[in-house]
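Read-outs: derived from the displayed coordinates by stated rules, not from any lab. Remember, it's a predicted structure, so these values are computed and weren't measured experimentally. For neighbour counting, all protein chains shown are included, and Cβ atoms are generated from backbone atoms with ideal geometry for every residue, glycine included.
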Amino acid sequence: MKKSLLFAQFIGVFSLWLLSISDATAQWTTSSVSQSRNKLAGASAGGKAFFGGGFEGLEATDKVDIYTISGDSWSTANLSEKRGALTATASPDSVFFAGGGSYDEKGLSKRVDMYSVTNNSWSMANLSESRSRLASAQAGRKVVFAGGMSLQGRFVPTLQSTKTVDIYDLVDKNWSTAELSESRSELTGVAAGGKIYFAGGFKGLISGYSKRVDIYNVANGTWSTAELSEARAGLTAVVAGGKIYFAGGYKGLIGGFSDRIDVYDIALNSWTQTSLSQKRAYLTATTVGDKVFFAGGEALIPNTILTETVTTVDVFDMRTNNWSTDALSKKRKDLASTSVGNKALFAAGFVGLLDGGSTVRVDIYTATAIDQQPSPGSSTVCQGSNVTSTISALGDELTYQWYKGEASTSGTLLDGQTSATLSLTGVQPGDSDSYYCQVNGLGGEAWSDAFTLTVLENPSAPVIGMSGQSNVTVFQNTPYVSLTITGCESGAISWSGPNGSSGSNSSISVPTSATGTLVYSATCTVGSCISPAGSATVVVAPGTASGNFDGFIYGADCGTFRGWAWDKNKINSAISVDILDGPNVIATIPADVFRQDLLSAGKGNGKHAFIFSIPESVKNNLPHYLSARVANGSFILKDSPKALICQGSGENPGNQLPKPPTPTVIIAPLSAQVGVPFSATLVAFTDPEGTTLSYGVTGLPNGLSINNITRVISGTPEQEGTFNLTYQATDAGGASNSVSFALTVAPASSGGVSGEFEGFLDKVECGTIRGWVWDRKKPNTPVTVEFYTGSTVWGSTVANIYRSDLLNAGKGNGSHAYSFTVPDNLKGVGTTLIYARVQGSSYVLKDSGKPLNCPSSGRLSAETYGNLTVVILGNPVKDQVEVEVRGVMGQPLQFALTDMQGRIIGERQIDKAAEVEHQRFGITTQPAGLFFLKVSTNGQSRTLKVVKP
């Protein structure tokens, strides 16, 4: 009856085993090492698992069994010494077997056998002390071997625990030593987060067991300590999921075996505890995939004081945070384990004296594991993009399914996403989320880390238009037609238009010289996202007015805009003109005002002029560009546009506006050249109230600026082109007026300027270079003169200073003199011959080649000048007195301008005179006559007569 019951139980157990065998064999398989043994050591590197050394009975072995995952194959090698109870650890490229011992005459060992995966070669080193039952771990550039059992004692050496630590530097290839805080053997070692932890161990027969954790910081070489919750030896340790697990162990005859697992959370720097399913010691631990294994060991036989080896495997699933148990195929303790790829290997070990001693058995757990997490791990893309991310998994008969939102089946299953690659097309902002791949195989399931997708909404199409319209019709030659791009204030604009035109600014200048239909498109890029294109169409239509037109703009200021226009086919008929502010018509007026000069020039009956009063809409302190054209036509009056900046009429009640120079052609046009120093003195405004004026010019090209007191434009132009400048004067009361003129900057090294020139280089002095030049063909237009020596150009200026002698000599309007300040780089360099020529031409001014020999500016500033020299620039004068003073640099100056009766017209005091001091006094309101200008300084004075005809 008893035999029948036992047989029935056997059949039941066997049936259950048969039911579970498919799952078991799917994950667990077995293999063998080349030699049965226990107290061996295991580690892995470079796709290989290594199991070395150990004992078979009382005999140590030097055997190393090597498992290569790529070929699922085994090979062997040999340590340099036979030994067991050794330790093993690995760096990414090397495996280290250290210490141990044997029961023969060699005893304890200090040998370190090192295998290089890259070179497939072995080398040797030695610890500082022979010992067994030590621990090791590797982090960063350090491999550390700690503690153990060594022979100690001077006269009768005995086996005792040691605190010795040997440290090997992987980079420098050198060794150093340190000490644990306590001597101990049968401890465990593990590395994580740039630190190495040595925990527990046996201290000695009297001091017992240790709960100490010595922590080595690889980065700074410092040590610290912590404590386990229980003192014990023969424990194991493993790192997984950002935590370190210190499990099991032996606490002594009284404490017995331990089931305690101390869990250290690296990120939180906190400790917690949990338990194994069975109290045991001399177990092993490793991790693969999302599982942590604690396998084998020695435990008490229930209800006895005897011990046995066990097959128990405690399995912690990091994904579900659940524990379960499994079993090795053969019970054993003092086994070794390591993981390589998706396989966890549990090798050899001691089965029992009555069970054959040690074993060759290797239990292999093959997990379904993620070999490569999503690549890329995250993507930030634009709306409508296609996105992929790929994982790599290890295991048998794998299937894939991607989920959105959660790493579980509670997430949103993505239909059709059943490969290792997630492939999303035309993603939208709502697709922004985390994506996970579930991999199933014979080795169970595994979940990938998150692939994080961020989908940026594309910017809206920018709006292109003029005055709010995207379809615009303008007459041919309409000036300043431009399209404005809006709706991309936080992005980058890219526009394209006819004839390959393109740009990235928010304004598009539209050419109107030819009729046609012009289509422009623009996109807005924010980050890497590009908007749909916005578009605008400009139709350039021929003017409807017909005739043989001619006309000219001869004046503009903040009071009026003036010019004339006529039709040569209808010589006595007045025509209408459109006044344009930019491209917009602001008025249409008849050109019917009589001018004698038009009649004298044969312009019909002379009634073809117009005077347009500047409206308040233009007087807003902003730049305005005024042009005129034949009404409804494409003929633009010559010398358009004029640039003005005007203030409102009511801003300065009772204060008259400064009066611009008349005629304004005196200051136009100017010409300069890229890369050539330039200077030009603009003609002064006059103030009806006689206050001092300040000046400004807007629209200057890069490289040029104006002195708002002296009216001198200077610098080295960096841009070529024609620039419409606004020249503005402001009086002491804040009233301002402006006129417009053009500055033409020729390209570097350009030439070709022609004319019937005449001029002289009169004076070459250390303060200024002076003379005059004009073009007989353009008697009232100033020219630009440049000064040079050989191929070196020193600078240029405009010859536009008025001199009555030039007027009396018939040199146009007399405004053809120049005064050029000598630059510092011509001082202190010895004698230099100075030549002058009309810029851009081959005409060299007469008397060129005058010598200049000036001391350096530094020496000048240190000298005391005793020769006061005063020169009136242009005498007789018209509206102002311009004086040049030299020879008293750094000294105070007093100016006094009086009339014939001794009445003071103007006074001025200068604290420190410049090397060449220029001052101007307005006399517009003074009647014609004789005036006296007295200039005084420290014991010197000069008085000059000034004639106003």
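Points to keep in mind about this one:
- In loop segments of the stretch 874-949 as defined by DSSP, the trypsin sites (Lys or Arg not before Pro) with at most 10 further C-beta atoms inside 10 Å of their C-beta are ARG903.
- Net charge of neighbours whose Cβ lies under 9 Å from the Cβ of SER36, counting Lys and Arg as +1 and Asp and Glu as -1: +1
- Nearest-ten-degree value, helix 2-27 long axis tilted from longest Cα axis of the chain: 20 degrees
- Estimated FRET transfer efficiency when R0 is 22 angstrom, pair ALA219-THR118 (beta carbons, to 0.05): 0.30
- Its alpha carbons give the stretch 369-456 an Rg and a Dmax of 12.5, 40 Å.
- At q = 0.26 Å⁻¹, base-10 log of I(q)/I(0) for the stretch 115-174 (Debye sum, equal scatterers on each alpha carbon): -1.12
- Net dipole in debye of the chain [+1 Lys, Arg Cβ; -1 Asp, Glu Cβ; about Cα centre; nearest 20]: 1500 debye
- Amide hydrogen proximity for GLY357: with H placed 1.01 Å from N in the peptide plane, the residues at 5 or more positions away or on another chain lying under 5 Å are VAL351, GLY352.
- Largest-first principal axis extents, alpha carbons of the stretch 603-757, Å: 50, 44, 28
- Loop-exposed chymotrypsin sites (Phe, Trp or Tyr not before Pro) per DSSP, neighbour cap 14 Cβ within 10 angstrom, longest uninterrupted part of the chain: 156-949
- Straight-line cross-link reach from LYS850 at under 17 Å between alpha-carbon atoms covers these lysines, not counting any fewer than eight positions away in the same chain: LYS763, LYS827.
- Positive contributions from Lys and Arg (+1) and negative ones from Asp and Glu (-1), summed over other residues with Cβ under 13 Å from the Cβ of PRO658, come out at -3.
- Per the Debye calculation on the stretch 404-447 with a single equal scatterer at every Cα and no solvent contribution, log₁₀ I(q)/I(0) for q = 0.19, 0.27 Å⁻¹ amounts to -0.63, -1.15.
- On the principal axes of its alpha carbon atoms, the stretch 383-534 extends 80, 25, 21 Å, with the longest extent given first.
- Evaluated at q = 0.11, 0.13 Å⁻¹: base-10 log I(q)/I(0), Debye formula over Cα of the stretch 757-854: -0.29, -0.41
- Counting all C-alpha pairs of the stretch 130-259, share separated by more than 21 Å (%): 38 percent
- Cross-linked pairs LYS82/LYS291; LYS659/LYS945; LYS778/LYS945; LYS211/LYS333: Cα-Cα separations exceed 31 Å for LYS82/LYS291; LYS778/LYS945.
- Proximal aspartates and glutamates relative to LYS846, as straight alpha-carbon distance under 19 Å, when same-chain residues fewer than 8 apart are discounted: GLU756, GLU758, ASP762, GLU765, ASP775, GLU786, ASP805
- Whole-Hz ³J(HN,Hα) from phi, Karplus 6.51 cos²θ - 1.76 cosθ + 1.60, for the stretch 52-66, glycine and proline x: x, x, x, 10, 10, x, 9, 9, 7, 10, 9, 6, 10, 9, 10
- Equivalent ellipsoid of the stretch 705-810: semi-axes from √(5λ) of the C-alpha gyration tensor, largest first, are 25, 20, 17 Å.
- For the stretch 463-541, the orientation-averaged shadow of the C-alpha convex hull comes to 4.8 nm² (one quarter of the hull surface).
- If you look at the Cα atoms of the stretch 670-743, you get an Rg and a Dmax of 12.9, 41 Å.
- 10 Å binning of all Cα-Cα separations within the stretch 235-368, expressed as whole percents from 0 upward: 13, 44, 33, 10, 1
- Taking the inverse of the mean 1/r over every pair of distinct Cα atoms in the stretch 549-646 gives a Kirkwood hydrodynamic radius of 13.3 Å.
- Isolated Cys in the chain, by beta carbon distance under 4.7 Å: CYS437
- At 1.306 mPa s and 10 °C, Stokes D of the stretch 869-948 from Kirkwood alpha-carbon radius, µm² per second: 126 µm²/s
- Once the convex hull of all Cα atoms in the chain is built, its volume per residue stands at 305 Å³.
- Ellipsoid semi-axes in whole angstrom, largest first, where each is sqrt(5λ) of the Cα gyration tensor of the stretch 274-348: 22, 15, 8
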